[in-house]
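Below is one structure, written out as structure tokens; the observations come after it.
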Amino acid sequence: MSTEYVNPLRDPRDKRLPRIAGPSGIVIFGVTGDLSRKKLMPAIYDLANRGLLPPGFALVGFARRDWDNEDFSKVVHDAVREHARTPFSEQVWRHLAEGFRFVQGSFGDDDAFDTLASTLADLDRVRGTGGNHAFYFSIPPNAFPVVLQQLRRSGLADPHGDEWRRVVIEKPFGHDLASAQELNTIVNDVFPKESVFRIDHYLGKETVQNLLALRFANQLYEPIWNANYVDHVQITMAEDIGIGGRAGYYDGIGAARDVIQNHLLQLMALTAMEEPVSFDPKNLRTEKIKVLSAVRLPADLGQATARGQYAGGWQGGQKVVGYLEEEGFSPTSKTETYAAVKLLVDNRRWAGVPFYLRTGKRLGKRVTEIAVIFKRAPHLPFARTDTEELGSNALVIRVQPDEGVTIRFGSKVPGPSMEVRDVNMDFSYGQSFTEASPEAYERLILDVLLGEPSLFPQDEEVELSWKILDPIERYWAKLNSQPEPYTAGTWGPASSDAMMARDGRVWRRP
Ligand SMILES: NC(=O)c1ccc[n+]([C@@H]2O[C@H](COP(=O)([O-])OP(=O)(O)OC[C@H]3O[C@@H](n4cnc5c(N)ncnc54)[C@H](OP(=O)(O)O)[C@@H]3O)[C@@H](O)[C@H]2O)c1
């Protein structure tokens, strides 16, 4: 048994400290991949550095590389040095690294899984992980079934006594409703529902959780958070990068499946839902499910959706190639890199209020935000010329990268006339709080170890989200046409602006 360490960053008298995970370990499948290197391994180190992992913690990497434990330790070390959020502490690192193991093998290899089982049993003995293990699937989705089968065959999916076994699944969870249902059946056949943690890393973001605080801890917003005062809602996730070397993953998937089906529909559900009875996972999900069940697609999908594909152009002073010229892509690919949809929520609170969701690559800048746009004042007792520069009031939740909240409203311009113009009032995390926000993966990995499922979409939410997207995907597939090109560095195809213009609205330029 390794010696217990005392983390110098923790003050044991501080009662506000978050819960610490109990004895446990994580097995990462696909540990050599991009996600593991940039996000998962650094997040595990950051949790250890914050004193939130137990002394009896272990990390096991599983991959095809011919590495031993020391090679693996060096890989984790380099990933942590490059990508961790908190400063490097030799003491924390040394203790953490004592619990590292590497198992070499491919997913079809029974022997490798038997070695994994004996490695975990050994860690239970020497490290004190207590038979509690989370299996993190950071692997291509087509490998999920074989790994699940292997976990069952080797007995790893079955806890004994008080032990727990959990499975963590990365997106994409299926590519339509039928495949998601099939996958849910396969997963639930091996792990019970409460042991399945589906990652939507947006839910791990502080700014997304703050939506709940903003809406339900304040009196200010609730009276106006409805169809009487809200004109429409715009939810945007824009990236300025292209697809780079991720052809295998992205081509055939596209922007709507990659982002709208999961991240944006989750943001929409949190924005539109009723106040939950409590933040108990079951109550929170009940409210999100009610919203997703109430979503209605407009009858004419040609008028209520838009899609595009980036063409070459200039971005950040550099010449960039278009999607069809990217390496590894079919030059005739019809995969969209931009998608916009208009959705309605058929309930009393939101009747007639459109929710516009858009996402794209190679757009003007990297930004994710939720903008609640309010109706104009019913009467303006000013000269028309004095309010020409007055827009609609708006509340903008800046999810990333400049985390915070902006309220836009009209204000008198100093001077002799009654000219009114839009101004912004800002809350910024950087200015209001001294502590930096943890990375989403820190929060989510800790919640997996704690068995706290609130921030993980459940099977019903995933299936309802596909139910919303499937008709749109079918409509686009039937068109069998090339998505409209848009120049890199702009804000998407003209058809998306036209979609808004038909409703007498415009997209925000974040
Ligand atoms: N990257 C992201 O930011 C991101 C974001 C959200 C979701 N995801 C999802 O997370 C997963 C991982 O993403 P990634 O970007 O890390 O992918 P990646 O870089 O392609 O890594 C895939 C990993 O799977 C392993 N693997 C594949 N087939 C295997 C087999 N038959 N036996 C053993 N190992 C095998 C690879 O190991 P080898 O080294 O042996 O090939 C590699 O470690 C994917 O499902 C992706 O959709 C990724």
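Numbers at a glance
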| read-out | value |
| --- | --- |
| Any chance E452 is within 25 Å of M268 (Cβ to Cβ) and not in a strand (DSSP E or B) | yes |
| Residues of region 255-290 classified as over 23 Å from I472 (Cα atoms) and either part of a helix (DSSP H, G or I) or within 15 Å of the ligand (Cβ to nearest atom) (or both), total | 7 |
| Any hit, region 199-216, residues being buried (at least 19 other Cβ atoms within 10 Å of the Cβ) and at positive phi | no |
| Criterion violated by T434 - all others in (1) crowded, with 17+ Cβ neighbours inside 10 Å; (2) among the polar types (S, T, N, Q); (3) under 31 Å from the mean Cα position of the chain (by Cα) satisfied | (1) |
| Single residue of region 63-77 satisfying the filter (touching a residue at least 24 places away in the same chain (Cβ under 8 Å) and buried (at least 16 other Cβ atoms within 10 Å of the Cβ)) that is nearest to the ligand (Cβ to nearest atom) | A63 |
| Of all residues in region 213-254 being in a helix (DSSP H, G or I) and out of contact with any Pro (no Cβ under 9 Å at 6 or more places or on another chain), the one that is farthest from V506 (Cα to Cα) | A247 |
| So I373, is it surrounded by 13 or more Cβ atoms within 10 Å (Cβ to Cβ), within 28 Å of L47 (Cβ to Cβ) and in contact (Cβ under 8 Å) with a residue 24 or more places away in the chain | no |
| Criterion (within 16 Å of the ligand (Cβ to nearest atom), without any contact (Cβ under 8 Å) to a residue 24 or more places away in the chain and either surrounded by fewer than 17 Cβ atoms within 10 Å (Cβ to Cβ) or not assigned by TED's automatic domain parsing to the domain that holds M268 (or both)) met by exactly one of S154, S179 | S179 |
| Tabulated pairs, region 275-288, first within 9 Å of S454 (Cβ to Cβ) and touching a residue at least 60 places away in the same chain (Cβ under 8 Å), second assigned to a loop (DSSP other than H, G, I, E, B) and among the charged types (D, E, K, R), C-beta under 9 angstrom, 6+ apart or interchain | P281/E452 |
| Qualifying positions in region 113-143 - within 30 Å of R246 (Cα to Cα), surrounded by 19 or more Cβ atoms within 10 Å (Cβ to Cβ) and of a type outside the set (S, T, Y) | F113, L116, A134, F135, F137, I139 |
| Number of the exception - Y45 against (1) assigned to a helix (DSSP H, G or I); (2) over 18 Å from D447 (Cβ atoms) | (2) |
| Candidates Y475, Y429, filtered to the one that is aromatic (F, W, Y), touching a strand residue (DSSP E or B) at 6+ places or on another chain (Cβ under 9 Å) and modelled with pLDDT under 95 | Y429 |
| Residue check, L148 of a type in the set (A, V, I, L, M), surrounded by 17 or more Cβ atoms within 10 Å (Cβ to Cβ), more than 16 Å from the ligand (Cβ to nearest atom) and under 30 Å from R474 (Cβ atoms) | no |
| Subset of region 113-130 that is closer than 25 Å to R198 by Cβ and in contact with a Phe, Trp or Tyr (Cβ under 8 Å, 6 or more places away or on another chain) - its residue that is farthest from the ligand (Cβ to nearest atom) | T129 |
| Candidate set from region 84-107 (those that are among the polar types (S, T, N, Q) and not in a loop (DSSP other than H, G, I, E, B)); member that is farthest from the chain's Cα centre (by Cα) | Q91 |
| Top-ranked residue in region 186-201 [being within 16 Å of the ligand (Cβ to nearest atom) and outside any loop (DSSP other than H, G, I, E, B); ranked as nearest to D162 (Cα to Cα)] | V196 |
| Residues satisfying the stated conditions in region 402-424, i.e. without any contact (Cβ under 8 Å) to a residue 24 or more places away in the chain, among the charged types (D, E, K, R) and more than 27 Å from E239 (Cα to Cα) | K412 |
| Residues that are within 16 Å of the ligand (Cβ to nearest atom) and without any contact (Cβ under 8 Å) to a residue 24 or more places away in the chain, drawn from region 83-109 | D109 |
| Cβ-Cβ under 9 Å pairs, at least 6 apart or on other chains, region 127-149 side free of Cβ contacts under 8 Å to residues at least 40 places away in the same chain, far side away from the ligand (no atom under 13 Å from the Cβ) and among the charged types (D, E, K, R) | G131/D124; G131/D162; G131/E163; G131/R165 |
| Conditions (1) in contact with a Gly (Cβ under 6 Å, 6 or more places away or on another chain); (2) at pLDDT below 90; (3) not acidic (D, E); number of the one not met by P23 | (2) |
| All positions within region 131-145 that are near the ligand (Cβ under 10 Å from one of its atoms) and not in a helix (DSSP H, G or I) | Y136, F137, S138, I139, P140 |
| Total residues in region 31-62, condition crowded, with 22+ Cβ neighbours inside 10 Å, of a type in the set (G, A, S) and within 16 Å of the ligand (Cβ to nearest atom) | 3 |
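The values are calculated or read from the model by the stated rules, or taken from the named source; none is laboratory data. Quantities reported herein were computed from a predicted structural model and do not represent experimental measurements. Ideal geometry is used to build each Cβ from the backbone, glycine not excepted, and the neighbour counts take in all protein chains shown.
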